[in-house]
1. Mind checking which residues of segment 358-389 are closer than 11 Å to Val402 by Cβ and in contact with a Lys or Arg (Cβ under 6 Å, 6 or more places away or on another chain)?
2. With respect to Ser239, determine if the residue is among the hydroxyl-bearing types (Ser, Thr, Tyr), open to solvent by 50 Å² or more (accessible area, probe 1.4 Å) and farther than 29 Å from Leu321 by Cα.
3. Within segment 89-130, take every residue that is open to solvent by less than 70 Å² (accessible area, probe 1.4 Å), closer than 21 Å to Gln55 by Cβ and not aliphatic (A, V, I, L, M) and give me the one that is modelled with the highest pLDDT.
4. Can you pull out the strands (runs of 3 or more DSSP E) entirely within segment 5-85 that have at least 1 residues that are surrounded by fewer than 22 Cβ atoms within 10 Å (Cβ to Cβ) and polar (S, T, N, Q)?
5. Can you pull out the residues in segment 406-434 that are assigned to a loop (DSSP other than H, G, I, E, B) and closer than 21 Å to Asn359 by Cα?
6. For the subset of segment 428-454 comprising residues that are touching an Asp or Glu at 6+ places or on another chain (Cβ under 9 Å) and at pLDDT below 85, which member is surrounded by the fewest Cβ atoms within 10 Å (Cβ to Cβ)?
7. With the condition kept exactly as written, say whether any residue in segment 276-286 is modelled with pLDDT of 95 or more, surrounded by 18 or more Cβ atoms within 10 Å (Cβ to Cβ), under 29 Å from Tyr242 (Cβ atoms) and more than 20 Å from the chain's Cα centre (by Cα).
8. State all residues of segment 391-427 that are under 22 Å from Leu228 (Cα atoms) and crowded, with 16+ Cβ neighbours inside 10 Å; if no residue qualifies, say none.
Amino acid sequence: MVLRERLLAAGGLEGLFLSDHRSRHDLAGMVSGERDAAATAALAGRRVLLAVGGQMAAARAMIALDGLAARIALVPPKLAPEHIARIATDAEAEICVADAEGLAPEALPGLPRIDAADVFFRAGSGMKRETEWALATSGTTGAPKLVAHTLDGLAGGINTAAAPEPGTVWSTFYDIRRYGGLQVFLRAMLGPSSLVLSDAGEPVRDYLVRVGAENVTHILGTPSHWRLALMSAALDRLSPRYVRLSGEIADQTILDALRAAFPQARIAHAYASTEGGVGFTVEDGQEGFPASLIGTRAGIEIAVREDSLFVRSRRTGRRYLGATPEALIAEDGFVDTGDLVERRGERYHFLGRRSGVINVGGAKVQPEEVETVINVFPAVSMSRVRARPNPILGAVVEAEVVLRADADADRPALKKAIIAHCRPRLAGHKVPASVTFVDALPITSGGKLVRRGA
């Protein structure tokens with residue numbers, strides 16, 4: 001599979017577009033034409049670091065580089081310079097495609113550089129090399145790892161044989177250089193359909209107004225993205241047919257809130273990860289997933305081992321990249337996702353990341369479990385739970401809470417009420433020892449709560 005060749009073969013590109021907060025481009029024009037001869041010669045068969053500022057530049061470069069480069073390593077936005085250097089090293093980058101917004105001219109001085117504008121298609125034809133795609137993990141708890149994928153594997157969860165619904169326009173809060181955003185980009189390109197891109201610096205209200213004006217029909221984001229959207233007065237600009245959540249645990253509170261906001265839309269939450277690929281989608285309106293999804297179906301096998309979710313399919317990453325990478329795929333072909341689950345009746349519920357456990361005097365606490373309980377409280381919009389050092393227990397649980405705009409002004413009473421709300425619903429060691437109200441919570445460029453130091 002070569003992305004540009006699939007787009008050209010699909011036809012019907014007239015009227016389809018890619019847009020961002022700055023510009024709008026005709027999709028047919030973006031994929032027609034030849035590559036710049038000098039850029040083609042410099043990039044053919046090379047391992048390329050793609051470090052551009054905006055998603056539009058990233059989209060155009062990805063279409064141009066797939067089938068030409070041996071490897072594309074995607075640099076997501078807001079990455080620390082040392083992490084960009086680490087990605088370049090782990091990807092064994094031989095050349096960089098960049099712009100000033102994505103990578104300062106003086107950065108990575110030993111790596112040859114081509115301006116991104118020179119790799120866009122100008123006027124026919126193409127290579128058909130299989131390009132390896134290298135994606136950074138979310139890095140919510142530290143430096144990201146780099147995972148190698150094939151385009152076939154990345155598109156494995158997409159029904160490329162089905163024609164999109166008439167008038168379909170995709171959009172996502174995600175950045176398309178992250179796994180979740182790349183899935184949306186590929187869905188639009190392989191549809192083909194129009195796509196509205198977000199921007200890391202764009203206020204949520206402005207993004208909602210813009211996607212409403214573009215008549216977006218299918219829109220995706222993390223639960224944290226959607227909690228922010230639900231706080232915005234511009235939410236009523238949207239009238240989607242399809243709303244999807246992934247990347248974090250979708251609890252019942254957020255699912256019910258989206259159902260109330262968009263009663264005519266299909267509401268889905270999906271399980272996927274950079275390492276494990278797309279696992280499954282749930283559309284029954286309930287948190288967790290049916291136990292019947294465990295086992296083998298449609299080219300994917302899902303297992304639970306010692307409360308952890310394992311996945312085996314052609315959608316998973318091939319391997320980690322780097323000088324001394326840890327093994328990604330076990331000898332039996334399974335990928336350990338690191339996500340903990342618990343069976344309750346005929347349904348599994350996500351507990352959180354194994355790496356995120358808080359140890360309170362030897363007893364384990366999953367931050368996400370406590371957040372799910374706090375988020376049910378009527379005055380709460382969103383929350384983050386983390387460890388606070390304690391001289392006796394080693395750590396206790398503390399909660400940071402963003403309140404709804406209409407919450408009671410009596411903050412001391414609200415703190416007591418939230419803790420009282422938690423006591424009958426959680427074991428004693430899981431109840432927050434303290435609650436702090438904050439105006440906002442830090443979110444990664446991938447739309448997840450930042451949990452470093454949690």
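1. Residues satisfying the conditions are Ala379, Ser381, Met382.
2. Numbers: among the hydroxyl-bearing types (Ser, Thr, Tyr): yes; open to solvent by 50 Å² or more (accessible area, probe 1.4 Å): yes; farther than 29 Å from Leu321 by Cα: yes.
Judged against the criteria, Ser239 is a match.
3. Per the stated criteria, the residue is Cys96.
4. 17-19
5. Of segment 406-434, the ones assigned to a loop (DSSP other than H, G, I, E, B) are 406-410, 423-427, 431-433.
Answer for segment 406-434, where residues must be assigned to a loop (DSSP other than H, G, I, E, B) and closer than 21 Å to Asn359 by Cα: Arg423, Pro424, Arg425, Leu426, Ala427, Val431, Pro432, Ala433.
6. So the first thing to find is which residues in segment 428-454 are touching an Asp or Glu at 6+ places or on another chain (Cβ under 9 Å), and the list is 430, 432-438, 441, 445-449.
Next cut, at pLDDT below 85 only: 445-447.
On the way: Ser445: 18, Gly446: 28, Gly447: 27.
My answer is Ser445.
7. Within segment 276-286, not a single residue is modelled with pLDDT of 95 or more, surrounded by 18 or more Cβ atoms within 10 Å (Cβ to Cβ), under 29 Å from Tyr242 (Cβ atoms) and more than 20 Å from the chain's Cα centre (by Cα).
8. First, pick out the residues of segment 391-427 that are under 22 Å from Leu228 (Cα atoms): 398-409, 411, 414-415, 418.
Glu398, Ala399, Glu400, Val401, Val402, Leu403, Ala407, Leu414, Lys415, Ile418 - these are the residues of segment 391-427 that are under 22 Å from Leu228 (Cα atoms) and crowded, with 16+ Cβ neighbours inside 10 Å.
The values are calculated or read from the model by the stated rules, or taken from the named source; none is laboratory data. What you are looking at is a predicted structure, and each value in this text was computed from that prediction instead of being measured. Note that we place each Cβ from the backbone using ideal geometry, even for glycine, and neighbour counts take in every protein chain shown. Just so you know, the surface numbers come from the protein's heavy atoms only, side chains and all, with ligands and any DNA or RNA stripped out. Shrake-Rupley method; radii C 1.70, N 1.55, O 1.52, S 1.80 Å.
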